[in-house]
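The values are calculated or read from the model by the stated rules, or taken from the named source; none is laboratory data. Quick caveat, the model's predicted, so the values are computed rather than measured. Because the Cβ atoms are built from the backbone with ideal geometry, glycine has one as well, and the counts that use them run over all protein chains shown. We work out accessible area using only protein heavy atoms, side chains counted, and drop any ligands, DNA or RNA first. Shrake-Rupley method; radii C 1.70, N 1.55, O 1.52, S 1.80 Å.
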Amino acid sequence: MTINVSDAGGRHRSPFRVLARRALALGGAGLVSVTGVVALSGSAHAAGSTLGAAAAGQGRYFGAAVAANHLGESGYATTLDTEFNAVTPENEMKWDAVEGTRNTFNFSNADQIVSHAQSKNMKVRGHTLVWHSQLPSWVSGLAAADLRTAMNNHITQVMTHYKGKIYAWDVVNEAFQDGSSGARRSSPFQDKLGNGFIEEAFTTARSVDPAAKLCYNDYNTDGVNAKSNAVYNMVKDFKARGVPIDCVGFQSHFNSNSPVPSDYQANLQRFADLGVDVQITELDIEGSGSAQATNYSNVVKACLAVTRCAGITVWGIPDKYSWRASGTPLLFDDNYGKKAAYTAALTALGGTSGGGTTDPGTGGGTDPGTGTKTCTATYTATQTWSGGFNGQVTIKAGSAAITGWSVKVTLGASQTTTGVWNGTTSWDSTGKVMTITPSYNGSLAAGASTSFGFTVQANGNTAAPAVSVCTAS
Ligand code: XIL
């Protein structure tokens, strides 16, 4: 579908192809490149075309839990690097991973994630220092005084190794019981050191890396309930007594037994009102299609509505690597195609899809899994010359056949278009936004693609036009 010079001279050329050719001819000597996909990072319009960029536009981060052993998979690394601007090591910083043997520290897997993140300017959430789970048996076997020494040593060694590289640490994870008791969970730390282990861990952590934000992180605390009340009272008490704490993490693992609470935003807000940041730290929502998409949208909107909600981390990238893979709870399908949930999250962040797709070869597909008509729009610059460029938008139907589609293309300041092909154009009153609907190519089988193209006269502005999400009918 790419318009190239020889096509433009072919027998079935449309008037618009002639225009495109003329534009190319005019720019002839200045033709700088004829490329396939042009990455949009760095252009003004790319600002909202990925989760990370859209979140950044709202003053937030959008992160993913990452496993070191997947970083060598190109779809995984490309999706991570394109879409996210924060990471949390999924298992690599846990006690059993870094100090399986007392005082013998192994940071190699966690280091891989941290250096990858640093090379891409991503924030790193450290997860986690003190937790009853994934805890080596040598720790649980210690008597109280030795356990206290071991806990403080663990915090000190791990935080020293990563000093200056961690945005926020989950200092203590999951220290409260589920249910109505509001009590602390039984653990070696709780049982031998008592309630005070939590503040001791925070105090030690502050002394090691004063620049890192220190978080308490838990699940089933996402709405107002007995467990979140207990955490709330602890944070309030810490703030009153000057125990260092900067943030509270809400894991947000949701499914039909544990749905997104209706008071999610209110709960985030009441914690924020205590004077701490709130973070959505391990988001995954089981389900598919529009129901899942709506849940993701609601979670994102709740965070954006709370000024101190610093960011969102999803607990994995493609469904196949989720700790709850059977519930397909993430934003990308197994081939790194963008699910309806992805589009919903991006839209809620104020972003628009179309630019900088993760993997135009295999990804970009929508996978609602419900027979809902959906489509995706992927922008590619097919030719560039000194005075302008040709853009192409590939429309791909999701898992249901469609009979129509619609995409808005917004030209940048000073840009004009000299023609559109394989699509019908209507302009808004500003003369900058064109809505493209099919000319002959509205009917697409499930998963099938078509494309339309246009020529842009740059007039000094070579930024890629913004392409909206695709609307299917
Ligand atoms: C999970 C990981 O995703 C799994 O790979 C691992 O087997 C178990 O732990 N709460 C947490 C996370 O704080 O560390 C957990 O991660 C999920 C629940």
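The residue that is farthest from the ligand (Cβ to nearest atom), counting only those in segment 76-94 that are part of a strand (DSSP E or B) and out of contact with any helix residue (DSSP H, G or I) (no Cβ under 7 Å at 6 or more places or on another chain), is A86. The criterion of at least 3 residues that are in contact with a helix residue (DSSP H, G or I) (Cβ under 8 Å, 6 or more places away or on another chain) is met, among strands (runs of 3 or more DSSP E) falling completely within segment 225-321, by 277-285, 309-314. Just to be sure, is D273 away from the ligand (no atom under 15 Å from the Cβ), touching an Asp or Glu at 6+ places or on another chain (Cβ under 9 Å), modelled with pLDDT of 95 or more and among the charged types (D, E, K, R)? In short, no.
The residues of segment 456-470 that are open to solvent by 70 Å² or more (accessible area, probe 1.4 Å) and closer than 16 Å to Y379 by Cβ amount to a single one, T462.
Residues checked against (1) surrounded by 19 or more Cβ atoms within 10 Å (Cβ to Cβ); (2) within 16 Å of the ligand (Cβ to nearest atom); (3) over 22 Å from G311 (Cα atoms):
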residue: Y216; (1), (2), (3): yes, yes, no
residue: G223; (1), (2), (3): yes, no, no
residue: A226; (1), (2), (3): no, no, yes
residue: R241; (1), (2), (3): no, no, yes
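The set of residues in segment 320-341 being surrounded by fewer than 19 Cβ atoms within 10 Å (Cβ to Cβ) and more than 12 Å from the ligand (Cβ to nearest atom) consists of K320, S326, D334, N335.
So how many residues does segment 281-319 have that are of a type in the set (A, V, I, L, M) and either within 15 Å of A341 (Cβ to Cβ) or within 16 Å of the ligand (Cβ to nearest atom) (or both)?
Narrowing segment 281-319 to residues of a type in the set (A, V, I, L, M): 283, 285, 291, 293, 299-300, 302, 304-306, 310, 312, 314, 317.
Still in the list and also either within 15 Å of A341 (Cβ to Cβ) or within 16 Å of the ligand (Cβ to nearest atom) (or both): 283, 285, 291, 293, 299-300, 312, 314, 317.
Number of matching residues: 9.
When Y167 is tested against (1) surrounded by 18 or more Cβ atoms within 10 Å (Cβ to Cβ); (2) in contact with a helix residue (DSSP H, G or I) (Cβ under 8 Å, 6 or more places away or on another chain), only condition (2) is not met. Of the residues A117, A110, the single one that is open to solvent by less than 20 Å² (accessible area, probe 1.4 Å), more than 16 Å from the ligand (Cβ to nearest atom), within 23 Å of the chain's Cα centre (by Cα) and not acidic (D, E) is A117.
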